[in-house]
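Let me begin by presenting the structure, written as C-alpha cells, before commenting on it.
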Amino acid sequence: MKSVDVAVETVVDRERTIVADYCCNPDNATEWYANIKAVDWETPKPLALGSRFAFTADFLGKSLRYTYEVVEFEPGRRFVMRTAHGPFPMETTYAWEDEPNGRTRMTLRNRGEPTGFSRWTQPLMAMAIRHATRRDLRRLKTSLES
C-alpha cells in the first residue's frame, strides 16, 4: 500500500520567528487553512510538546474532525504534530529556514497511511492534499505579508 507524502514550500517576506510563531498557534489555523473551520483545544494553552487540539475541516466534500498531538517542537525551527484520533493517520511537519533579507523559507509536509476507502483513492488524496497545501501556503504568505 502506498503512503501519502506531500511537501510544499514557500518563501514569506517576514522573519522566521514571526512566521513560525503564527503557524504554531492553532488558533490561527482557520485564517490560513482554507479547509479548517474550527479549532478546539483539548489541553491547556500555550502550545507545548504533548499539546492536543481538534480541527474540524472540510476535505473532499466531507466534514472531518481529527485531533492532533504535538510530538516535536523546536520553536522557530520545526513543529511536528500527528493525528491522535481521526479518519486518516497523518503527520504534519512545519520547518522554517532563514532566507536573505529577513525572509523565511517554510516547508509544510503531510504524510500518512490511508485506511479504509481512502487507501483506494490514495493518488487522488495526494493530489488533493498537494493542491490544498499550495493554496494554504499562498493564504499564509498573503496574510503575513499584508
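Checking residue 73 against (1) in contact (Cβ under 8 Å) with a residue 40 or more places away in the chain; (2) touching a Cys at 6+ places or on another chain (Cβ under 6 Å); (3) of a type in the set (A, V, I, L, M, F, W, C): exactly one of these is not met. Which one?
Here residue 73 meets the rest and fails (2).
Checking the condition closer than 20 Å to residue 7 by Cα, touching a Ser or Thr at 6+ places or on another chain (Cβ under 7 Å), among the small types (Gly, Ala, Ser) and in contact (Cβ under 8 Å) with a residue 12 or more places away in the chain, which residue from 95, 34 passes?
Just one listed residue meets the conditions, 95.
For residues that are in a loop (DSSP other than H, G, I, E, B) and surrounded by 16 or more Cβ atoms within 10 Å (Cβ to Cβ), tally how many sit in the stretch 51-88.
Of the residues in the stretch 51-88, 5 are in a loop (DSSP other than H, G, I, E, B) and surrounded by 16 or more Cβ atoms within 10 Å (Cβ to Cβ).
Residues to consider are 7, 29, 84; find the one that is of a type in the set (Gly, Ala, Ser) and under 20 Å from residue 146 (Cβ atoms).
The match here is 29.
Out of all the residues in the stretch 40-50, which are surrounded by 12 or more Cβ atoms within 10 Å (Cβ to Cβ) and more than 15 Å from residue 29 (Cα to Cα)?
42, 43
Coordinate-derived values only; no laboratory data. Since we're looking at a predicted model, the values are computed, not measured. Reconstructed Cβ throughout: ideal geometry from the backbone, glycine too, with neighbour counts over all protein chains shown.
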